[in-house]
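Any read-out appearing in this document is the output of simple, stated calculations on the displayed coordinates, not a laboratory observation. As the structure is a computational prediction, the values presented were derived from the model and not from experiment. As a convention, Cβ positions derive from the backbone with ideal geometry for all residues, glycine included, and neighbour counts pool all protein chains shown.
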Amino acid sequence: MANLLDGIKKLKERRQEVKQPPDAIDNKPDELSEMASLYSAIGVKSQEIMASSASDEGKAELERMEKSFSFRWDNLSKDQQKELVDRLLEAGLLPEKVRQVREMFNGKVVSLL
């Protein structure tokens, strides 16, 4: 009987550990934020490679980053793609001309790389 009560007590403790406060969930970076960071990193890496004679390793790393971004972009819904483009525009990572053309022609961004 004592083992059963100990088991129930441990189960209740584990349930309390699993329950997270709502603010802990909000602090997790979402996929779009991660993709915006990756896009920024790709831009920086690309500029580094263009500014100097980069090694094959650096070029291969940039290629892997671009493939990862493209794969993740393709798996986003159209609404998420639009939101990501909006975030990139707000952060100044995309030219203002992209916003203007998109608004003028009610267009959508199909690809970023």
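SER70 passes all but one of (1) under 15 Å from GLU31 (Cα atoms); (2) in a loop (DSSP other than H, G, I, E, B); which number fails?
With respect to (1) under 15 Å from GLU31 (Cα atoms); (2) in a loop (DSSP other than H, G, I, E, B), SER70 is out only on (2).
Which residue pairs have Cβ atoms closer than 8 Å, lie 6 or more positions apart in sequence or on different chains, and pair a first residue in region 91-113 that is in a helix (DSSP H, G or I) with a second residue that is of a type in the set (A, V, I, L, M)?
Hits for this filter: GLU96/LEU89; VAL98/VAL85; VAL98/LEU89; VAL98/VAL109; ARG99/LEU89; ARG102/VAL85; ARG102/VAL109.
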